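Peer 1: To start, I am sharing the structure in question, which I have written as structure tokens.
The values are calculated or read from the model by the stated rules, or taken from the named source; none is laboratory data. Treat the numbers as computed from the prediction; the structure is a model and nothing was measured. Cβ placement follows ideal geometry from the backbone for every residue including glycine, while neighbour counts extend to all protein chains displayed. Heavy atoms of the whole protein, side chains included, go into the accessibility calculation; ligands, DNA and RNA do not. Shrake-Rupley method; radii C 1.70, N 1.55, O 1.52, S 1.80 Å.
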Amino acid sequence: MVWDRLSFPEFSPNCNSLLRRHLSEDLFINLMEIATESGFSFAQAINSGIVNQDSSVGVYAGDAESYSLFSSLFNPIIEDYHNFSESDIHRSNFNTESLSAPNPDPNSQYILSTRIRVGRNIVDMPLGPAISREQRNLIESQIVKSLSCLNGDLSGTYYPLLDMKETIRNQLIDDHFLFKAGDRFLDAAGLNRDWPEGRGIFHNFARTFLVWVNEEDQLRIISMQQGGDIEAVFDRLVVATREIEKTVSFLFDQRLGYLTSCPTNLGTAMRASVHICLPKLSLNLSAFKKITDLHHLQIRGIHGEHSESESGIFDISNRRRLGVTEVECVQGMYDGVVALIKKEKELE
Ligand code: ADP
Ligand code: IOM
């Protein structure tokens, strides 16, 4: 879809994005000529959802100011996605002791792997859609320096994308460790400029602790491992995030929590997921959806957002990230996964 950025965009009849739902002509006219101090315009904020009409949301922030300057569009989208109103304040509880999530599948019959990530961005810098090449490179060196201070099981190596052989990069993507190249949603949001410079991945020897640098957010701090030991995965993430926070300050807002380029990631910026095999339940979509809706879960395909499921394997994660604590994000995912396994067993 090509648009001239000056007239109200056309939406195809099957476009179901939150952008389409909340962008009225009046709102467009009020905001179309506005830009933030770092030069991020309203047109840039909505470009991805117009170019990619299959977006689920379709808007991106270029900086902290985007959330206030474009609030007449962003707030209703945030409320719709997270059920978080303008008078709500974000809450946090990022402590392992508060979580009760014993392995729901100790024999690894259903859960293949568990992954929990948080997004973070650097204070006093624009977000990825508005950042300059120099700022992005500066952030990369700042993060690499911080990660080099990690000890024990968290210590590892940073691999810049610039120096990475294509075969190695593709293997890391196929094995679910690395982000893919050329994502069209990120591309239209301005997040792929100067690719691959300034991007890379840090991981420990066991590949249970990883950090993506300068993808959709400046940091994606990831803890993952085979099987369903959700508590161990969460604990590693808590420890790692606290360590990184000792040397890097993150962009944080009292009301909206951690600020991220996509409004779906605000608040905790946490996505806790399992790769789970549900061959029987997935044949009964309404029963499957009934459980995921009840527990506020999102169903993704085997290669992440905008991918398809293969061989009855799904990526199941918490949908809401703002207005709920980190522990609640994981607890909700856990409760839903327990219910999904119970149902799958009944159908066997
Ligand atoms: P994000 O979680 O950072 O928003 P994606 O949905 O694009 O990003 O997923 C990123 C990668 O992480 C993909 O390769 C996806 O398959 C992988 N992934 C997500 N959850 C799990 C999991 N529980 N186990 C293994 N890999 C996972
Ligand atoms: N987070 C972002 N990649 N996503 C919500 C894109 C979209 O489909 O709008």
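Peer 1: So how far, in whole Å, is the C-alpha centre of the stretch 4-59 from the one of the stretch 159-222?
Peer 2: Measuring centre to centre over Cα atoms gives 27 Å.
Peer 1: Now for a different question. Over 19 Å between Cα atoms: which of LYS290/LYS343; LYS290/LYS345; LYS145/LYS246; LYS180/LYS280 fall into that group?
Peer 2: On the way: LYS290/LYS343 11 Å; LYS290/LYS345 16 Å; LYS145/LYS246 12 Å; LYS180/LYS280 30 Å.
Those over the limit are LYS180/LYS280.
Peer 1: HIS176: accessible area at probe 1.4 Å, nearest 10 Å²?
Peer 2: Ignoring ligands and nucleic acids, HIS176 comes out at about 60 Å².
Peer 1: Counting only protein heavy atoms and using a 1.4 Å probe, what share of the accessible area of the stretch 18-82 belongs to carbon plus sulfur, as a whole percent?
Peer 2: Numbers: 1120 of 2450 Å².
Roughly 46 percent, rounded to a whole number.
Peer 1: So, with +1 on the Cβ of K and R and -1 on the Cβ of D and E, and no other charges, what is the size of the charge dipole of the chain about its Cα centre, to the nearest 20 debye? It would help to have the intermediate numbers written out before the result.
Peer 2: Numbers: 33 positive and 47 negative charges, 115 e Å.
Here the size comes out at about 560 debye.
Peer 1: Under 17 Å between alpha carbons, and skipping anything fewer than 8 positions from LYS165 in its own chain: which aspartates and glutamates qualify?
Peer 2: Cross-link targets: ASP174, ASP175, GLU197.
Peer 1: Here is a follow-up. Working out 0.36 nm times the residue gap between ASN170 and PHE8, then minus their Cα-Cα distance, what length gain in nm do you get to one decimal?
Peer 2: Working: separation 162, 0.36 × 162 = 58.32 nm, distance 3.93 nm.
Taking ASN170 through PHE8 to full extension adds about 54.4 nm, to one decimal.
Peer 1: Then there is this: So if R0 is 51 Å, what FRET efficiency would VAL144 and SER71 give, r being the distance between their Cβ atoms, rounded to the nearest 0.05? The partial results should precede the final answer.
Peer 2: Details: r = 35 Å, r/R0 = 0.68.
Taking R0 as 51 Å, the efficiency between VAL144 and SER71 is 0.90.
Peer 1: With just the Cα atoms defining each centre, how far is the stretch 283-348 from the stretch 64-126? Give it in Å.
Peer 2: So the separation of the two Cα centres works out to 16 Å.
Peer 1: Just the Cα atoms of the stretch 1-70: what Rg and Dmax do they give in Å?
Peer 2: Just the Cα atoms of the stretch 1-70 yield Rg and Dmax of 11.5, 35 Å.
Peer 1: Give me D for the chain in µm² s⁻¹, whole number, from Stokes-Einstein with Rh from the Kirkwood sum over alpha-carbon pairs, 37 °C and 0.692 mPa s. Mind showing how you got there, number by number?
Peer 2: Working: Rh = 20.7 Å.
Stokes-Einstein gives a translational diffusion coefficient of 158 µm²/s.
Peer 1: So, R0 is 41 Å and r is the distance between the beta-carbons of SER108 and GLU25; what FRET efficiency does that work out to, to 0.05? List each step's numbers first, then the result.
Peer 2: Details: r = 53 Å, r/R0 = 1.29.
After rounding to 0.05, the efficiency reads 0.20.
Peer 1: Enter the accessible area per residue of the chain (Å², integer; probe 1.4 Å; all protein chains in place).
Peer 2: On the way: 15340 Å² over 348 residues.
I get 44 Å² per residue for this part.
Peer 1: Could you tell me which residue out of HIS203, LEU191, ILE50 lies farthest along the dipole of the chain toward its positive end? Charges go on the beta carbon: Lys and Arg +1, Asp and Glu -1, centred on the Cα centre.
Peer 2: The residue sitting most towards the positive pole is HIS203.
Peer 1: Any idea what diffusion coefficient the stretch 43-129 gets from Stokes-Einstein, in µm²/s, Kirkwood Rh on alpha carbon pairs, 25 °C, 0.890 mPa s? Mind showing how you got there, number by number?
Peer 2: Working: Rh = 16.6 Å.
Stokes-Einstein gives a translational diffusion coefficient of 148 µm²/s.
Peer 1: Given that compact globular proteins tend to follow 2.2 N^0.38 Å, what is the ratio of the alpha-carbon Rg of the stretch 262-348 to that value? Spell out each step's value before the answer.
Peer 2: On the way: Rg = 12.7 Å, N = 87, 2.2 N^0.38 = 12.0 Å.
After normalising by residue count via 2.2 N^0.38 Å, the value is 1.06.
Peer 1: Once the principal axes of the Cα atoms of the stretch 230-285 are found, what is the range along each, listed largest first in whole angstroms?
Peer 2: Extents along the principal axes, in whole Å: 47, 27, 15.
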